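The values are calculated or read from the model by the stated rules, or taken from the named source; none is laboratory data. Since this is a predicted model, take the numbers as computed values, not measurements. Note that we place each Cβ from the backbone using ideal geometry, even for glycine, and neighbour counts take in every protein chain shown. SASA here: full protein model, heavy atoms, side chains in, ligands and nucleic acids out. Shrake-Rupley method; radii C 1.70, N 1.55, O 1.52, S 1.80 Å.
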Amino acid sequence: MPSAARVFSVLLTLFLSVHVYGLSLESRKDGGGGSGIPTVANNKNPVCKPWYAIRDAIMGGLFHGRCGDLARASVRLAFHDAGTFSLALQAAGKPNGAADGSLLVDPNEVLRTDNNGLQNIVAALLPLPGQFNVTPGDVLHLAGVLGVLACPGGPVVKTYVGRSPPKNIAPDGLLPNPNSPVSVLTARFADMGFSIRELMALIGAHTTGKQRFVSSSVAGSSFDTTVDIWDVRFYRETQSNANATGTFKLNSDVKFSHDSSTSKDYNRFVGKQDNWGQEYSAAHEKMSLLGYNKNSLTDCSEILPQSIDLKNLATGNGNSGPGNSNNVDPTIDPTKLEAAIEQQRSIWLN
Ligand code: HEM
Ligand SMILES: *[C@@H]1O[C@H](CO)[C@@H](O)[C@H](O)[C@H]1NC(C)=O
């Protein structure tokens, strides 16, 4: 739709929302209209009220409503913050990692080799806890959830606030190395509290990933051919013997797709968009809470938008035409995708 017509239709929707349904509008987002973005006017839990503005600062201000570099880095950042948690360290009463935002607090943590590539997102998020008077863990893990939702097809992951500030810099040497054996990697995730099935769901986040430091000669190559969407193509392509042009496979991901200890759970997600969305969402939620007790936090999922729905963007000729089950690996129509991305971007940049 030409932009003047689009603006007109948005205004018309707003007008109808206010006058027909009597909604009160407080912010620039249209709670009753076409954008599907909840507004502060519809706030339910008062604890969540300030989080609408923080959401806008991240999704609009930083991500520009797009599955771009900062959105993708936020998803990896959420893992690198929480992935230093260790049940063994907890049992020993030693300084532990947690989903505590320590990467936004101690400047030395982001300088570790493990965290190469996360400097830009850390610098971008750094002012927010002070600006909004909230904790770094809450900001960092909201950014991780919004990073998923910025990507077309990304599932909603429940989001919580109320994390206490970090007690210490995260212990070093706990993040996984892509060249470690499968048994070492699954043991490390077990020490975070994750089953192999949950790990297989989590590594699907590489669907929107690029590598810059594993093989610097092909820096910027992506982990699948559809890096701008949150789809299950990553699972299929990583498992395949073929190497698609422009992509790069981490040794760990390739081994997960074939190893007898992991392939059964890996295969749950090959071609299964809905299964993966559900299991990824639950595993990411768990990751965002490592080291904290969910019952002492507040569920602020009411602030979350929906991501662009891939179902509406599938080409008609695949196994996944619009209206059919989404539990497939849909082929996306690039023109429809571009239009949906542009619409989402313009809503967040309003
Ligand atoms: C065995 C476990 C894992 C290993 C060995 C691993 C390793 C890596 C490596 C080496 C990179 C490329 C870094 C670079 O060169 O720039 C990467 C990127 C990424 N990882 Fe992982 N990862 C693992 C699990 C996870 C998990 C659990 C998540 C999130 C749930 C995640 C999310 C990401 C994302 C989103 C990127 C792309 C970042 C970007 O494009 O800027 N990874 N990972
Ligand atoms: C794909 O790349 C891997 C790793 O570089 C290589 O071992 C394999 O032979 C390649 N496969 C094909 C079909 O070219």
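How many residues does segment 236-262 contain that are part of a helix (DSSP H, G or I) and more than 15 Å from ligand 1 (Cβ to nearest atom)?
3
Scanning segment 221-235 for residues that are within 16 Å of ligand 2 (Cβ to nearest atom) and part of a loop (DSSP other than H, G, I, E, B), which turns out most open to solvent (accessible area, probe 1.4 Å)?
T225
Scanning segment 79-97 for residues that are open to solvent by 10 Å² or more (accessible area, probe 1.4 Å) and of a type in the set (G, A, S), which turns out nearest to A187 (Cα to Cα)?
A88
Residue check, K311 against (1) among the basic types (K, R); (2) in contact with a Pro (Cβ under 8 Å, 6 or more places away or on another chain); (3) not in a helix (DSSP H, G or I), all met but one. Which one?
Evaluating K311 over (1) among the basic types (K, R); (2) in contact with a Pro (Cβ under 8 Å, 6 or more places away or on another chain); (3) not in a helix (DSSP H, G or I) leaves (3) as the failure.
Considering segment 191-216 alone, what residues qualify as being away from ligand 2 (no atom under 16 Å from the Cβ) and either open to solvent by 60 Å² or more (accessible area, probe 1.4 Å) or over 22 Å from the mean Cα position of the chain (by Cα) (or both)?
D191, R197, K210, R212, F213
When you scan segment 281-288, do you find a residue that is in contact (Cβ under 8 Å) with a residue 12 or more places away in the chain, away from ligand 1 (no atom under 13 Å from the Cβ) and in a helix (DSSP H, G or I), even just one?
For segment 281-288, residues in contact (Cβ under 8 Å) with a residue 12 or more places away in the chain, away from ligand 1 (no atom under 13 Å from the Cβ) and in a helix (DSSP H, G or I): absent.
Checking R233 against (1) within 25 Å of E338 (Cβ to Cβ); (2) in contact (Cβ under 8 Å) with a residue 40 or more places away in the chain; (3) within 12 Å of ligand 1 (Cβ to nearest atom), which test does it fail?
Tallying (1) within 25 Å of E338 (Cβ to Cβ); (2) in contact (Cβ under 8 Å) with a residue 40 or more places away in the chain; (3) within 12 Å of ligand 1 (Cβ to nearest atom), R233 fails exactly one: (3).
Give segment 147-179 a look and list any residue that's touching a Lys or Arg at 6+ places or on another chain (Cβ under 8 Å) and among the hydroxyl-bearing types (S, T, Y), or say none.
Y160
Just checking, how many residues over segment 95-132 are within 25 Å of S180 (Cα to Cα), in a loop (DSSP other than H, G, I, E, B) and in contact (Cβ under 8 Å) with a residue 24 or more places away in the chain?
11
What about G31, is it in a loop (DSSP other than H, G, I, E, B), surrounded by fewer than 16 Cβ atoms within 10 Å (Cβ to Cβ) and at pLDDT below 95?
no
What's the number of the only condition in (1) more than 14 Å from ligand 2 (Cβ to nearest atom); (2) among the hydrophobic types (A, V, I, L, M, F, W, C); (3) out of contact with any Leu (no Cβ under 7 Å at 6 or more places or on another chain) that A244 fails to meet?
It is condition (1) that A244 fails.
Pick from segment 157-185 the residues that are closer than 30 Å to S307 by Cα and outside any loop (DSSP other than H, G, I, E, B): which of them is nearest to ligand 1 (Cβ to nearest atom)?
Taking the candidates together, the pick is Y160.
R188 versus (1) within 16 Å of ligand 2 (Cβ to nearest atom); (2) without any contact (Cβ under 8 Å) to a residue 24 or more places away in the chain: which is the lone unmet condition?
The failed condition is (1).
Checking the conditions here, which among V161, V184 is modelled with pLDDT of 95 or more, among the β-branched types (V, I, T) and open to solvent by 50 Å² or more (accessible area, probe 1.4 Å)?
That would be V184, the only listed residue that is modelled with pLDDT of 95 or more, among the β-branched types (V, I, T) and open to solvent by 50 Å² or more (accessible area, probe 1.4 Å).
Could you figure out which of (1) out of contact with any Lys or Arg (no Cβ under 8 Å at 6 or more places or on another chain); (2) within 21 Å of N179 (Cα to Cα); (3) within 15 Å of ligand 1 (Cβ to nearest atom) isn't true of D224?
Here D224 clears every test but (1).
Just need a number here: residues in segment 132-154 that are out of contact with any helix residue (DSSP H, G or I) (no Cβ under 8 Å at 6 or more places or on another chain) and over 20 Å from L297 (Cα atoms).
Residues meeting the conditions: 0.
Go through (1) within 14 Å of A98 (Cα to Cα); (2) open to solvent by 60 Å² or more (accessible area, probe 1.4 Å) one by one and return the number of the condition H141 breaks.
(2)
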